[in-house]
């Protein structure tokens, strides 16, 4: 490789790194200017192309984020001037620009408060309930995570055209619905915040326990969700559930290194080497949980889930786990959410606290629940409890049924191993 090729490669690497960091701020600021999310992203992409063309020749600017913002804003002004139907806006913008001294690239990123406000507006726009869940996730990863369409497609094991269509349709839907680029106020803020937190949690869960494919985990998605959660906690510091979600993600992420074996196979919670848990992430999670509890006397669903995760994090060994407290927390969570999945988790906690027969009684009450009919963890949990009760033949049937329901290859292999082990014990 020649020196020229080496410089070009280094510059391209810098562009990609800067883009991942700066693209959310870039799109947010441009959306405030042009009032159209699709146009803002196109302008941001134009600035990216310009950087890929110029930085290898001219060198990386001292403030690359400011350079991108300045380039994109200048193109935005040119775009507006080219559109006759926006002549009135051009005149207004031109008068404003004539009256005010033009900031240089360095000054454009000095407006920290405006950038934070724009980011928060972008979060609520990308996660707007008018969009379907898959569209919200794809748009959030694209606009706030800076992920390309191929990266999102690989993360969720779907074709690139499918992801591209979701993003295009999402932007059209937002435009057609006239969704304002603003932060909701009052009761609407809490309602809309639920949608934002749901998207971040969905992204994390897909990385933490992949629903399909050959990998048990996809760490990049976990990291992206953590990053988004931390940003959100800075943008909305007075919302307990935001800190509750961050606490939950930090603590769960702390187990990542212990959740897979040498060959990538899943390692279940009670079998994990807790010495491999990341104590720094646990500390961050417990601190976020403390902050959430200080903000609200009545814990919401994410704070309750974080409290459950904290019980595991504080236990140096599985035997030290406070299962009675976990049962109480799941009871509170079940009252808040009315979720059959939460009830299934409560059954596991009951079994650990009071014996497998108690847990199995609740699991058997859930077998006819319509929403759990295709949920592989229902027979998996039932199989585990049957093993502990000394009924291996029945347990084997449950593990085989669970294996047939899961789409994750690693998890299927684990469940089939457990089924085979039941057969080896006889009965």
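Once R0 is set to 60 Å, what does the formula 1/(1 + (r/R0)^6) return for the Cβ-Cβ distance between residue 364 and residue 8, expressed as a FRET efficiency to the nearest 0.05? Efficiency computed from Cβ-Cβ geometry: 0.40. Calculated mean residue ellipticity at 222 nm for the chain: -24000 deg cm²/dmol, from DSSP H runs with n ≥ 4 weighted as -39500 (n - 2.57), summed, divided by the residue count and rounded to 500.
Helix 240-253 axis versus longest C-alpha principal axis of the chain: approximately 70°, rounded to the nearest ten. With contacts taken as Cα pairs under 8 Å and at least 6 residues apart, the range 250-374 reaches a relative contact order of 17 percent. For the range 127-178, the relative contact order comes to 42 percent (Cα pairs under 8 Å, sequence separation of at least 6). Here, the range 127-178 has an Rg and a Dmax of 10.3, 32 Å when only alpha carbons are counted. Between helix 187-208 and the chain there is an angle of about 70 degrees, using the helix long axis and the longest principal axis of the Cα atoms. Compute the separation of the alpha-carbon centres of the range 18-48 and the range 167-183 and state it in Å as a whole number. Computed from Cα coordinates, the inter-centre distance equals 15 Å. Where is the GNM fluctuation largest for the chain (alpha-carbon springs, 10 angstrom cutoff): 339, 148, 23? Fluctuation is largest for 339.
Seen through its C-alpha gyration tensor, with square-root eigenvalues sorted a ≥ b ≥ c, the range 222-332 comes out oblate because a/c lies at 1.5 or above while a/b is not bigger than b/c. Residue ranges 233-240, 369-376 sort as 233-240, 369-376 when ordered by packing (mean number of other C-beta atoms within 10 Å per residue, highest first). Taking other C-beta atoms within 10 Å as the exposure proxy, 354, 124, 399 rank 354, 124, 399 from fewest upward. By how many degrees, between 0 and 90 and to the nearest 10, does the Cα long axis of helix 87-99 differ from the longest principal axis of the chain? Approximately 80 degrees, to the nearest ten. For the pair the range 327-354 and the range 382-397, the centres of their Cα atoms are 21 angstrom apart. Structural descriptor for the chain: relative contact order 10 percent, calculated from alpha carbon pairs under 8 angstrom and at least 6 residues apart.
Since every read-out is calculated from the coordinates, none of them should be taken as a lab result. Predicted, not measured: the structure shown is a model, and the values here were computed from it. No Cβ is skipped: glycine too gets one built from the backbone with ideal geometry, and neighbour counts run over all protein chains shown.
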